[in-house]
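Report on the following structure.
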Amino acid sequence: DGGITQSPKYLFRKEGQNVTLSCEQNLNHDAMYWYRQDPGQGLRLIYYSQIVNDFQKGDIAEGYSVSREKKESFPLTVTSAQKNPTAFYLCASSIPGDYGYTFGSGTRLTVV
Amino acid sequence: GQQVMQIPQYQHVQEGEDFTTYCNSSTTLSNIQWYKQRPGGHPVFLIQLVKSGEVKKQKRLTFQFGEAKKNSSLHITATQTTDVGTYFCAGRRSNYQLIWGAGTKLIIKP
């Protein structure tokens, strides 16, 4: 079955450590996105990529980094520069243009 | 900047009652999408509205896009326990990215 796999589902890290969240899709979608969701708020865009080897900052990119070396993969690194990293992180993909997004099941990151 | 306001934040209903959530944009949208997120889950795409004044139905769900393409609504008739979750609208920006409402949480009263 086609879909998006995010791993791990839950992640705990100590403050000051970088952590990388995995996102893999087998939908053959060109566009991929990373969102952050905090309680009571909508989704906020961190980074997006419309094509391999290219990505753009979203609204809240500070403290995050990404890479897009393969069409299927779009990992997100949460760096120690991110002041409040505890959140629910969602990866999504789509066909570029006016189409709905397919989301992964998310990673809940807790930094202690 | 462009914003999409979604109200109400929460709606408590008895099973069988109707539910409505509204989205309003400060600027004209090229289209609007609706998603449902079950508790503990991830957003799932429901529908996209593109045309001014468009109305689409999915069983008990009715989606509307305003004439000015600045507002939209989702109405659920005769809610069931399976409808529980948070409903998000997301408007398409001029640069093709989505701008999300904060969501309306549908809670069924016991």
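Sort largest first and round to whole Å: the equivalent ellipsoid semi-axes of the stretch A:51-111, each the square root of five times a Cα gyration tensor eigenvalue. Don't jump to the answer; show the numbers that get you there.
Working: eigenvalues 93, 42, 24 Å².
Result for the stretch A:51-111: semi-axes of 22, 14, 11 Å.
B:Lys36: which lysines have alpha carbons under 25 Å from its alpha carbon, excluding same-chain residues fewer than 8 sequence positions away?
A:Lys9, B:Lys51, B:Lys56, B:Lys57, B:Lys59, B:Lys69, B:Lys70, B:Lys105, B:Lys109
Only Lys, Arg, Asp and Glu count, each charged at its Cβ (+1, +1, -1, -1), so figure out the dipole size of the stretch A:1-90 about its Cα centre, rounded to 20 debye.
Numbers: 10 positive and 10 negative charges, 55 e Å.
Roughly 260 debye, rounded to the nearest 20.
Can you list the trypsin sites (Lys or Arg not before Pro) in the stretch A:1-108 that are in a DSSP coil and have 14 or fewer other beta carbons within 10 angstrom?
On the way: sites: A:Lys9, A:Arg13, A:Lys14, A:Arg36, A:Arg44, A:Lys57, A:Arg68, A:Lys70, A:Lys71, A:Lys83, A:Arg108; in loops: A:Lys9, A:Lys14, A:Arg68, A:Lys71, A:Lys83.
Hits after loop and neighbour filter: A:Lys9, A:Lys14, A:Lys83.
Which trypsin sites (Lys or Arg not before Pro) in the stretch B:13-64 sit in a loop by DSSP (not H, G, I, E or B) and have at most 11 other Cβ atoms within 10 Å of their own Cβ?
Numbers: sites: B:Lys36, B:Lys51, B:Lys56, B:Lys57, B:Lys59, B:Arg60; in loops: B:Lys51, B:Lys59, B:Arg60.
Hits after loop and neighbour filter: B:Lys51, B:Lys59.
At a probe radius of 1.4 Å, what is the per-residue accessible area of B:His12, in Å² to the nearest 10?
That residue has around 100 Å² of solvent-accessible surface.
Would you calculate the volume per residue, in Å³, of the smallest convex hull containing every Cα atom of the stretch A:3-62?
Details: hull volume 7.5 nm³, N = 60.
Taking only Cα atoms, the stretch A:3-62 has a hull volume of 124 Å³ per residue.
Out of the stretch A:1-86, which GluC sites (Glu not before Pro) are coil in DSSP terms and have no more than 14 other C-beta atoms within 10 Å? Don't skip to the end; give the middle numbers.
On the way: sites: A:Glu15, A:Glu24, A:Glu62, A:Glu69, A:Glu72; in loops: A:Glu15, A:Glu62, A:Glu69, A:Glu72.
Passing both the DSSP loop test and the Cβ count: A:Glu15, A:Glu62, A:Glu69.
List the residues of the stretch B:14-59 for which accessible area in the full set of protein chains is at least 50 Å² lower than for the chain on its own; 1.4 Å probe, protein heavy atoms only.
Correct list: B:His42, B:Pro43.
Need the C-alpha centroid separation for the stretch A:34-68 versus the stretch B:51-95, integer Å.
Answer, in whole Å: 25.
Please compute how much accessible surface disappears when A pairs with B, both sides summed, using a 1.4 Å probe, and round it to the nearest 100 Å².
Numbers: alone 6310 and 6190 Å², together 10890 Å².
Rounded to the nearest hundred, the buried surface is 1600 Å².
Rolling a 1.4 angstrom probe over the protein chains, ignoring ligands and nucleic acids, what is the accessible area of B:Ile108 in square angstrom, nearest 10?
Near enough 30 Å² of accessible area.
Given chain A, what whole percent of its Cα pairs are spread farther than 16 Å? Walk me through the intermediate numbers first.
Values: 3424 of 6216 pairs.
So the portion of pairs separated by more than 16 Å is 55 percent.
Consider just the alpha-carbon atoms of the protein assembly as shown and return their Rg together with their Dmax, both in angstrom.
17.6, 51
Enter the accessible area of B:Phe65 (Å², nearest 10), with the probe set to 1.4 Å and all protein chains included.
B:Phe65 exposes around 10 Å² with every protein chain in place.
Give the carbon-plus-sulfur fraction of the accessible surface of chain B in %, rounded to a whole number; probe 1.4 Å, heavy atoms of protein chains only.
Details: 2830 of 5380 Å².
With neighbouring chains kept in place, the figure for chain B is 53 percent.
Just the Cα atoms of the stretch B:14-110, one point each, no solvent: what log10 I(q)/I(0) does Debye give at q = 0.10, 0.14, 0.17, 0.23 Å⁻¹?
-0.25, -0.49, -0.71, -1.19
Per-residue HN-Hα couplings for the stretch A:12-20, Karplus 6.51 cos²θ - 1.76 cosθ + 1.60 at θ = phi - 60°, whole Hz, x for Gly and Pro?
Values, residue by residue: 10, 9, 7, 4, x, 9, 7, 9, 10 Hz.
The values are calculated or read from the model by the stated rules, or taken from the named source; none is laboratory data. Small disclaimer: the values here were computed from a predicted structure and weren't measured. Here the Cβ is made from the backbone with ideal geometry for all residues, glycine too, and neighbour counts use every protein chain on show. Note: areas computed on protein heavy atoms with side chains; ligands, DNA, RNA excluded. Shrake-Rupley method; radii C 1.70, N 1.55, O 1.52, S 1.80 Å.
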